[in-house]
1. State, to one decimal in nm, how far the label point of residue B:31 lies from the label point of residue B:133, with both points 7 Å from Cα in the Cβ direction.
2. Ordering A:178, B:101 by accessible area with a probe of 1.4 Å, largest first, what comes out?
3. With a length cut of 27 Å (Cα positions projected on each helix's long axis) and a Kyte-Doolittle mean of at least 0.0, go through chain B and give me the DSSP H helices that pass.
4. Looking only at other chains, what is the average number of their beta-carbon atoms within 10 angstrom of each beta-carbon in B:153-160?
5. Using 1/(1 + (r/R0)^6) with R0 = 30 angstrom and r between the beta carbons of residue B:51 and residue B:73, what's the FRET efficiency to the nearest 0.05?
6. Leaving ligands, DNA and RNA out of it, report the carbon-plus-sulfur percent of the accessible area of the protein assembly as shown at a 1.4 Å probe.
7. Taking R0 as 60 Å, what FRET efficiency do you get between residue A:150 and residue A:11 from their Cβ-Cβ distance, rounded to the nearest 0.05?
8. Give me the accessible area per residue for segment A:58-197, probe 1.4 Å, as a whole number in Å².
2 protein chains.
Amino acid sequence: MTEALKEPQQDRSRATRQRLLEAAVESLAEVGYAGTTVSVVAARAGVSRGAAQHHFPTRADLFAAAVEYMTEVRLAEIRAQAAALPSGPGRTEAIVGMLADVYTGPLFRAALHLWVAASTEEALRKQIVRLESHVGRQAHRALLEVLEVSERTPGVRETVQGVLDMARGLGLADLLTDDSARRRGIVRQWSHILDQALPRSGAA
Amino acid sequence: MTEALKEPQQDRSRATRQRLLEAAVESLAEVGYAGTTVSVVAARAGVSRGAAQHHFPTRADLFAAAVEYMTEVRLAEIRAQAAALPSGPGRTEAIVGMLADVYTGPLFRAALHLWVAASTEEALRKQIVRLESHVGRQAHRALLEVLEVSERTPGVRETVQGVLDMARGLGLADLLTDDSARRRGIVRQWSHILDQALPRSGAA
């Protein structure tokens, strides 16, 4: 096969994979773990079941890849949006607000269904534990970066980790009802607290 | 029926109800929502299926009552433990640590399974939403009380709500792996931050 023929095929394969990953997250967020089979995801993505299984032999493979991919997309978006924010007053609140938006969106909802399913399903658990530690590290690093603080300063690491845990809690609180009004107040107040608590290195 | 005969029967009925509630929380925490039927809970509690259904006609009734009852038990425990704590340094960290313990225990795990199931099951959702708002208010009030702060001070409400969200996030982070070492660091650091951020009314 010549290069000219091979490349479009690789592009198509990559596009199919991406559609499957997006459909998996959407389906998990909307109908939960039990209702999200490889067939359901393939149908939602407009891909044949065979093609889906070529990319992802098992459900756990598909789910882990989906959450990982979507996390990378969201973190890249946060970094891009944060880079456009001015320094100074309001920056922290804008960042914590963006974080809260991510944790109340479909990606976190999908991850929540996976986590809870994994707590009673050993094969899934192993895969999700590996994924969770990778995703957690990435989110932590992105947050340090946009907040312009260094982990080498004592206390910063735990402060920032606590903010990520708070964002997870906000996501949980938004699962069954619209919690946005209460959330706005918490985001504002915790941003003030962070501005006092975080030793800023100045403009990064 | 005379009073002398009626009372022991009421006691027995109350004891049966309590065993069912405890067994429901245990089962939800250990095997999840799908595996926790009224029959499973009745067997675990050593009660007949008929007796269980006399107390709780539906699964949703049983689960909502179970989480409510166990929350009241835990909050009473926290209040009792907190009352025995000395004022001054270390008090906040002890309180936040106790809170984190509750949110990483079987009660939170059971609630998590219910919340996630309720997000895709409308009949359960209605019941859990009512429960969640009641439980959330109770936990918030208990935390204000033991931290000896007043909601009338601007910012206190949102600060304390954020701590409850952080505790929820810590509970989620402990679902699949033992997160206790990381959690200890966050509890310590955020207790320092809270000691700075919360305007204390002095000894309560």
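1. If labels sit at residue B:31 and residue B:133, their model points lie 3.4 nm apart.
2. In descending accessible area the options line up as A:178, B:101.
3. Span-like helices, by this rule, are B:59-83.
4. Mean number of neighbouring Cβ atoms from other chains: 4.
5. FRET efficiency, residue B:51 to residue B:73: 0.85.
6. 52 percent
7. With a Förster radius of 60 Å, E is 0.90.
8. Heavy-atom SASA per residue in segment A:58-197 reads 41 Å².
The values are calculated or read from the model by the stated rules, or taken from the named source; none is laboratory data. Computed from a predicted structure; not experimentally measured. With ideal geometry, Cβ positions are generated from the backbone for all residues, glycine too; neighbour counts draw on all protein chains shown. All accessible areas refer to the heavy atoms of the entire protein, side chains included, with ligands and DNA or RNA removed. Shrake-Rupley method; radii C 1.70, N 1.55, O 1.52, S 1.80 Å.
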